[in-house]
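The values are calculated or read from the model by the stated rules, or taken from the named source; none is laboratory data. Remember, it's a predicted structure, so these values are computed and weren't measured experimentally. For neighbour counting, all protein chains shown are included, and Cβ atoms are generated from backbone atoms with ideal geometry for every residue, glycine included.
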Amino acid sequence: MPDRDHRDDGVEGPEVAYPPLSEYRPQEVPYDPSRHRELVRSILAIGSIGLVALEVIGFLWMFAFGTRDFGELKDLVGVILSPSIALASAATGFYFGGHK
């Protein structure tokens, strides 16, 4: 068994005495959700607004190129776009309401 003071890696330098492994204790840092809260709020708000924008672009595309007639498109807008706008409104309201 090699001597603890002997280094066999060919590097010269001061010997360092490390404490035994039994003396190491994990550091307990309490969880702080405020670090990630703002990021998640902004992702949700921007994502919901982006979803509404994509839906509007899709409906305009369908209307412009005639893939659906106006009656079908009106029903689709009512069924799909209305809940998405409500979701985006709630998400952005929550995002801006959380600012102090």
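In the range 72-89, is there at least one residue being of a type in the set (D, E, K, R), out of contact with any strand residue (DSSP E or B) (no Cβ under 9 Å at 6 or more places or on another chain) and in contact (Cβ under 8 Å) with a residue 24 or more places away in the chain? So that I can check it myself, show each step before the final result.
So in the range 72-89, the residues of a type in the set (D, E, K, R) come out as 72, 74-75.
Pick out the ones that are also out of contact with any strand residue (DSSP E or B) (no Cβ under 9 Å at 6 or more places or on another chain) and you get 72, 74-75.
In the following step, the residues that additionally are in contact (Cβ under 8 Å) with a residue 24 or more places away in the chain were identified as none.
Scanning the range 72-89, I find no residue that is of a type in the set (D, E, K, R), out of contact with any strand residue (DSSP E or B) (no Cβ under 9 Å at 6 or more places or on another chain) and in contact (Cβ under 8 Å) with a residue 24 or more places away in the chain, so the answer is no.
How many residues does the range 72-85 hold that are exposed (fewer than 12 other Cβ atoms within 10 Å of the Cβ) and hydrophobic (A, V, I, L, M, F, W, C)? Break it down into steps so the answer makes sense when it comes.
From the range 72-85, those exposed (fewer than 12 other Cβ atoms within 10 Å of the Cβ) are 72, 75, 78-79, 82-83; that's our starting set.
Applying the additional criterion that residues be hydrophobic (A, V, I, L, M, F, W, C) yields 79.
Total meeting the criteria: 1.
Evaluate the following for E28: is it at pLDDT 75 or above, in a helix (DSSP H, G or I) and not aromatic (F, W, Y)?
no
Before we move on, is V40 aliphatic (A, V, I, L, M), more than 16 Å from the chain's Cα centre (by Cα) and assigned to a helix (DSSP H, G or I)? Show your work before the answer.
Working: aliphatic (A, V, I, L, M): yes; more than 16 Å from the chain's Cα centre (by Cα): no; assigned to a helix (DSSP H, G or I): yes.
Criteria not met by V40.
Identify all residues within the range 55-70 that are aliphatic (A, V, I, L, M) and out of contact with any Leu (no Cβ under 9 Å at 6 or more places or on another chain); write none if there are none. Break it down into steps so the answer makes sense when it comes.
At the first step, the residues of the range 55-70 found to be aliphatic (A, V, I, L, M) are 56-57, 60, 62, 64.
Across the range 55-70, the qualifying residues are I57, L60, A64.
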